[in-house]
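Comments concern the structure below.
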Amino acid sequence: MLVRRRVFWLVVGVVVVVAAIWLVLAFNCPSSGIGITSRVRQKHRLKNRTAFPSAADFDTRVTLDALLQRGDDRSRWSVERAARVQGLVIDVEHAGSEAANCFNPCRRDIHVLIAPRKDAPKSEQVVLEVTPKMRDWAAGQGIDWSEETLQKQLIGHWCEFEGWLYFDVDHDEESENVAPGNAENWRGTAWEVHPITKIRVLE
């Protein structure tokens, strides 16, 4: 009985410590998020960039059509460059909790799906992302980049987006360009504008 009681309190103690660490990280999440390896932490830093691209950072070759051009595109663009892309907004929705945001369910990325036309299948859609850090910046400027507001303002409209290029290696095998014909594909390319730094409704 004594051994069981000690084990119980040991488990409780571990749970409390883990929960405390998670709370600290969740509400004070660093740009590196939660990552064991330096590669993962660097990937999170790219997702969580807050610096705005300068005019020289933009790769003017990047367009919606260029992003969707078929063929293995893993080395087509550079994560050191930015892009300005126009497209029809198909959907706006929260992503799941992830390590880049310290698994905080209240601070999730927002996916903005764009395509060349309204009836484009998933394999012809590109994912752009608004991050919690850029949402905080927007709020400081009096701009509402919440999921609900972006859904009302963007869906069904032709819009222009600016931001940093990012290759989502975690989902490249679910993109038409890397894995053509895969029934599980839910995007045209694993290249994203992530984070979005500017949004403009054109039509």
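The values are calculated or read from the model by the stated rules, or taken from the named source; none is laboratory data. Note that this is a predicted model, so its numbers are computed, not measured. Backbone-built Cβ (ideal geometry, glycine too); neighbour counts: all protein chains shown.
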Boolean, GLU148 is in a helix (DSSP H, G or I), out of contact with any helix residue (DSSP H, G or I) (no Cβ under 9 Å at 6 or more places or on another chain) and exposed (fewer than 15 other Cβ atoms within 10 Å of the Cβ): yes
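A quick yes/no check of all residues on (1) acidic (Asp, Glu); (2) over 22 Å from GLU147 (Cβ atoms):
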{"residue": "LEU46", "(1), (2)": "no, yes"}
{"residue": "VAL62", "(1), (2)": "no, yes"}
{"residue": "ARG70", "(1), (2)": "no, yes"}
{"residue": "ASP73", "(1), (2)": "yes, yes"}
{"residue": "ARG76", "(1), (2)": "no, yes"}
{"residue": "GLU80", "(1), (2)": "yes, yes"}
{"residue": "ALA83", "(1), (2)": "no, yes"}
{"residue": "ASP91", "(1), (2)": "yes, no"}
Sole exception among (1) surrounded by 13 or more Cβ atoms within 10 Å (Cβ to Cβ); (2) under 22 Å from VAL62 (Cα atoms); (3) more than 14 Å from the chain's Cα centre (by Cα) for ASN182, by number: (2)
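Here's the yes/no breakdown for (1) modelled with pLDDT of 95 or more; (2) out of contact with any Gly (no Cβ under 6 Å at 6 or more places or on another chain); (3) under 17 Å from ALA190 (Cα atoms):
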{"site": "VAL3", "(1), (2), (3)": "no, yes, no"}
{"site": "ALA19", "(1), (2), (3)": "no, yes, no"}
{"site": "GLY35", "(1), (2), (3)": "no, yes, no"}
{"site": "PRO53", "(1), (2), (3)": "yes, yes, no"}
{"site": "GLN69", "(1), (2), (3)": "yes, yes, yes"}
{"site": "GLU80", "(1), (2), (3)": "yes, yes, yes"}
{"site": "LEU88", "(1), (2), (3)": "yes, yes, no"}
Positions within segment 178-197 being over 19 Å from ASP119 (Cα atoms) and in contact (Cβ under 8 Å) with a residue 60 or more places away in the chain, in sequence order: VAL178, PRO180, ALA190, TRP191, GLU192, VAL193, HIS194, PRO195, ILE196, THR197
Condition broken by CYS159, with the remaining ones in (1) within 19 Å of ASP119 (Cα to Cα); (2) part of a loop (DSSP other than H, G, I, E, B) satisfied: (2)
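If you scan segment 97-146, which residues turn out to be of a type in the set (Gly, Ala, Ser), on the phi < 0 side of the Ramachandran plot and out of contact with any Gly (no Cβ under 8 Å at 6 or more places or on another chain)?
Matches in segment 97-146: SER97, ALA120, ALA138, ALA139, GLY140, SER146.
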Meets criteria (aromatic (Phe, Trp, Tyr) and over 16 Å from the mean Cα position of the chain (by Cα)) for TRP77: yes
Total residues in segment 45-78, condition more than 12 Å from ILE114 (Cα to Cα), surrounded by 14 or more Cβ atoms within 10 Å (Cβ to Cβ) and not aromatic (Phe, Trp, Tyr): 13
